[in-house]
1. Suppose each label sits 7 Å from its Cα in the direction of the beta carbon; what would the T92-D43 distance come out to in nanometres?
2. How much net charge surrounds V41 when only the other residues with a Cβ under 15 Å from the Cβ of V41 are counted, with Lys and Arg +1 and Asp and Glu -1?
3. Please give the FRET efficiency for D54 paired with T308, using the beta carbon to beta carbon distance and R0 = 41 Å, rounded to the nearest 0.05.
4. Largest first, how would Y112, Y178 line up by accessible area (1.4 Å probe)?
5. How many Å² of accessible area per residue for segment 180-257, probe 1.4 Å?
6. Distance in nm between label sites at E318 and T294, each 7 Å beyond Cα in the beta-carbon direction?
7. Among the lysines, which fall within straight-line cross-link reach of K215, defined as a Cα-Cα distance under 30 Å, with same-chain neighbours fewer than 8 residues apart omitted?
8. Carbon and sulfur: what percent of segment 168-233's accessible surface (1.4 Å probe)?
Amino acid sequence: MAGFRHGVIGEGRRRMLAAIGLDETHESAYRALVSVGAADVPDLARRLTLGEYDTERALRRLERHGLAAQSSARPGRWVAAPPGVALGALLTQQRHELEKAELAAALLAEEYRAAAAEPAVHDLVEVVIGSAAVSQRFLQLQLGASEEVCALVTGNPVVVTGTENDAEEQAAGRGVRYRVVVERSVLDLPHGITELSDALGRDEQVRMVDRVPTKLVVADRTLAMVPLTSHTAEPAALVVHASGLLELLSGLFESVWRDALPLRIGAAGVSQDDPDGPDGTDLEILSLLLAGLTDASAAKQLDLGLRTVQRRVKRLMELTGVTTRLQLGWHAYERGWVARDRRG
């Protein structure tokens, strides 16, 4: 039974690594590096019963996947990246791709059902192709909104970026409410912090998550727009009118919104009721730390010194009488410093 169990586990590992794009040779090379800790090309070639040229090619492939690296302490030798970190990152990426594929399948299935029904149903789904057309339709959605625009924003804008989107400012100026969920990677974009600060300055509600399942815009719960995977180089999007599919997309946004953390940048939303409480900078730091950033990343995003961030966090812990950052986060919510909008 022990031999059978070992065989099943080994087969499961091979299937798992194949799922993240590694063939049998690369799996064997990575698992050999994990077992020995470090090895040079000749030694690893003997273990794998491969030629040195093929062994080095396998190592280079592992290096591109972030699974192996040349040792800086022992020149000529290769070491494996920690499986928990390296494989975890690849699996997270695969899960994200699967989520996008599931949504694309749902969208295409709805489009197929619409095409199979009476001609009037075609009006419920519109396919927009080309950068200019997608950008124009995106702006029209916001300019035509009268009550609310909801959006999921990724860190890789392709057609429309925040600096090009004056429609958002115009709509907010007319009293249109904005609720936006952004990926954490948006903070790393060249104008990411500036655009988020501007949005918060317009009283938009902004929350943050590790990753959103797809880009999405919903206007007044009557019209939505999502990217459409295309085999051509041209960007494409699906514009969805009132239908079951629109309800599905609205539900997707609400689900992501509920699980996201509120973001504070700049003076937006800062209360001065308690002179001994946190100031605007304290709330910014708390917001970024609760969103998952490190002290160093938060300091960089806010243009502060690392010691300044650490000193302010320590003062907040003393103010709330706690000894851990986990407790500080709980107290921050209890005192309403970073509480979610109760309407959301």
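1. Here the modelled spin labels are 3.2 nm apart.
2. Working: positive: R46, R47, R57, R60, R61, R74, R77; negative: D40, D43, E52, D54, E56, E63.
So the environment of V41 carries a net charge of +1.
3. 0.20
4. Heavy-atom accessible area, descending, gives Y112, Y178.
5. On the way: 3310 Å² over 78 residues.
Solvent-accessible surface per residue comes out at 42 Å².
6. Between E318 and T294, the label points sit 2.6 nm apart.
7. Reachable lysines: K100, K300.
8. Summing carbon and sulfur atoms, their accessible area is 49 percent of the total for segment 168-233.
The values are calculated or read from the model by the stated rules, or taken from the named source; none is laboratory data. Note that the structure is a prediction, hence the values are computed from the model and not measured. When we count neighbours, we look across all protein chains shown, and the Cβ atoms used for this are built from the backbone with ideal geometry, even at glycine. Note: areas computed on protein heavy atoms with side chains; ligands, DNA, RNA excluded. Shrake-Rupley method; radii C 1.70, N 1.55, O 1.52, S 1.80 Å.
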